[in-house]
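The values are calculated or read from the model by the stated rules, or taken from the named source; none is laboratory data. None of these values were measured; they are calculated from a predicted model. All Cβ positions, glycine included, derive from the backbone under ideal geometry; neighbour counts span all protein chains shown.
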Amino acid sequence: MKSELVESRQTLPQGFQWGAVKAGIKASGNLDVAVAVADKVANAAAMFTRNQVVAAPVTVGRRHLLSTGGRVGAVLVNAGNANCATGQAGLDACVQTCVAAAETFHCIFDEVFPSSTGIIGVPFPGDKVVAALPEVKSALGSTAAHAELFAAAIMTTDTRMKMARAVVDVGGVEVRLFGAAKGAGMIHPQLGAPVGPPHATMLVYLFTDLAAESDKLRELLAPAVERSFNCISIDGDTSTNDTVLLLASGASGVKLDVRVREAFANALKLVCGSLAYQIVDDGEGVTHVVTLHVAGARTEAEAKQVAKAIAHSPLCKTAWSSGDPNWGRLLAAAGYSGVEFDPALVSISIGAQPVFELGVRSPAFDEAAAHAMMMEREYTITLDMGLGGAECRFVTCDMTEAYVRINADYST
């Protein structure tokens with residue numbers, strides 16, 4: 001049984017319709033209300049931000065999944081306003097949009113899953129969302145063009161749509177998976193389960209025509225998220241609205257069983273990995289995408305802890321912007337990560353260029369070659385801790401003057 005990413009725009013899961021319109025929420029006047037509707041109510045699994053400050057749609061969305069046992073009839077997303085730090089009025093407005101969406105798309109009120117992205121602390125214009133729903137209903141369809149409208153409408157500071165598709169062949173029957181995401185700033189997802197601690201925003205919507213119960217979807221979603229969205233960072237800021245939602249329509253007729261599970265899990269990991277990389281690649285002001293490969297660790301958690309320290313270091317990130325092979329910053333960040341290790345066991349390379357070995361600068365260090373490697377759009381920095389067999393791949397980026405300009409003027 002084979003699972004693979006595909007490029008075909010026509011490879012979309014059955015059982016869903018997508019659409020988007022302009023509701024006047026974005027100052028730009030671009031598409032800003034997106035809807036995905038299941039032909040029959042879909043089973044769902046979700047993971048949310050662990051930020052202690054959460055937006056109204058996160059609160060409402062978690063509540064709805066709990067009350068329905070993970071069933072979703074419609075996804076309602078607005079961009080341009082995060083509906084966060086808006087008090088009871090924001091919660092009430094979110095609920096009102098769900099009620100209106102349920103009436104429009106003929107599902108139960110708490111089968112509507114809401115999301116918002118945009119600026120924090122601005123009163124939420126729920127009336128604009130409600131007024132736009134009849135037009136969205138007329139705009140719904142199941143073609144690639146409709147799915148792309150959905151992907152375009154959820155963007156904020158993104159410069160391009162982020163989509164990925166995969167197919168699993170199950171005895172000649174295709175099980176299809178489609179993902180759409182947004183995110184370019186305020187990106188350091190720390191996603192957790194929909195119950196428990198509460199967790200510009202990352203939003204991810206995954207659609208499949210596999211037949212699977214919500215609890216089984218949750219089992220597959222968590223590891224896929226942990227090695228993709230929970231292993232990226234643009235600026236180290238965890239949003240108040242981060243959400244990953246997986247919906248299964250069952251329209252393919254293929255059930256999630258032992259023989260299908262591994263292939264579908266691989267497809268899900270491929271789609272999540274692609275979307276996570278696209279988010280970093282489109283990061284605000286990004287000129288270099290850097291994969292940190294921390295190897296030789298005692299545990300995967302310690303490897304990720306070291307990678308995060310490096311990824312969030314302003315000194316490392318600014319060095320990457322100009323291709324400066326200042327490996328001392330990498331080592332210093334690892335040193336304050338909180339993971340105990342012996343520097344004499346560590347080796348570091350930038351691309352294929354060794355820069356640090358066994359406690360000292362590598363005798364093979366070629367500064368010009370390392371600089372040339374760092375001037376590429378994409379490259380990998382490998383840090384081997386010499387402690388064990390665990391590893392982590394963490395995707396991050398440089399920090400440039402453009403990032404400062406974008407975020408210095410974000411609300412004005």
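Taken over the stretch 118-148, the residue count meeting the criterion of being touching a strand residue (DSSP E or B) at 6+ places or on another chain (Cβ under 7 Å), at pLDDT 95 or above and buried (at least 22 other Cβ atoms within 10 Å of the Cβ) is 5. Taking the stretch 302-334, which residues are part of a loop (DSSP other than H, G, I, E, B) and on the phi < 0 side of the Ramachandran plot? H312, S313, D324, P325, N326 - these are the residues of the stretch 302-334 that are part of a loop (DSSP other than H, G, I, E, B) and on the phi < 0 side of the Ramachandran plot. Apart from one condition, K308 fits all of (1) farther than 30 Å from E340 by Cβ; (2) at pLDDT 95 or above; the exception is (1).
Given (1) hydrophobic (A, V, I, L, M, F, W, C); (2) over 24 Å from G236 (Cα atoms); (3) outside any loop (DSSP other than H, G, I, E, B), identify the lone condition not met by I348. The one condition I348 does not meet is (2). Residue-level analysis places A368 among those that are outside any loop (DSSP other than H, G, I, E, B), under 25 Å from C397 (Cβ atoms) and over 29 Å from the mean Cα position of the chain (by Cα). Restricting attention to the stretch 35-57 and to residues that are at pLDDT 95 or above and among the β-branched types (V, I, T), the residue that is surrounded by the fewest Cβ atoms within 10 Å (Cβ to Cβ) turns out to be V41. Within the bounds of the stretch 341-354, is there any residue that is modelled with pLDDT of 95 or more, surrounded by 20 or more Cβ atoms within 10 Å (Cβ to Cβ), of a type in the set (A, V, I, L, M) and out of contact with any strand residue (DSSP E or B) (no Cβ under 8 Å at 6 or more places or on another chain)? No: zero hits.
Just so you know, in the stretch 68-97 the residues that are assigned to a strand (DSSP E or B) and of a type in the set (V, I, T) include one that is nearest to V129 (Cα to Cα), and it is V77.
Checking each residue in the stretch 1-34 for being in contact with a Lys or Arg (Cβ under 6 Å, 6 or more places away or on another chain), buried (at least 23 other Cβ atoms within 10 Å of the Cβ) and farther than 22 Å from K128 by Cα picks out only P13.
Taken together, G253, G285 contain a single residue that is assigned to a loop (DSSP other than H, G, I, E, B) and within 30 Å of S214 (Cα to Cα), which is G253.
Only one of the listed residues (L247, L275) is modelled with pLDDT of 95 or more, assigned to a helix (DSSP H, G or I), in the same structural domain as G118 (by TED's automatic domain parsing) and of a type outside the set (G, A, S). That residue is L275.
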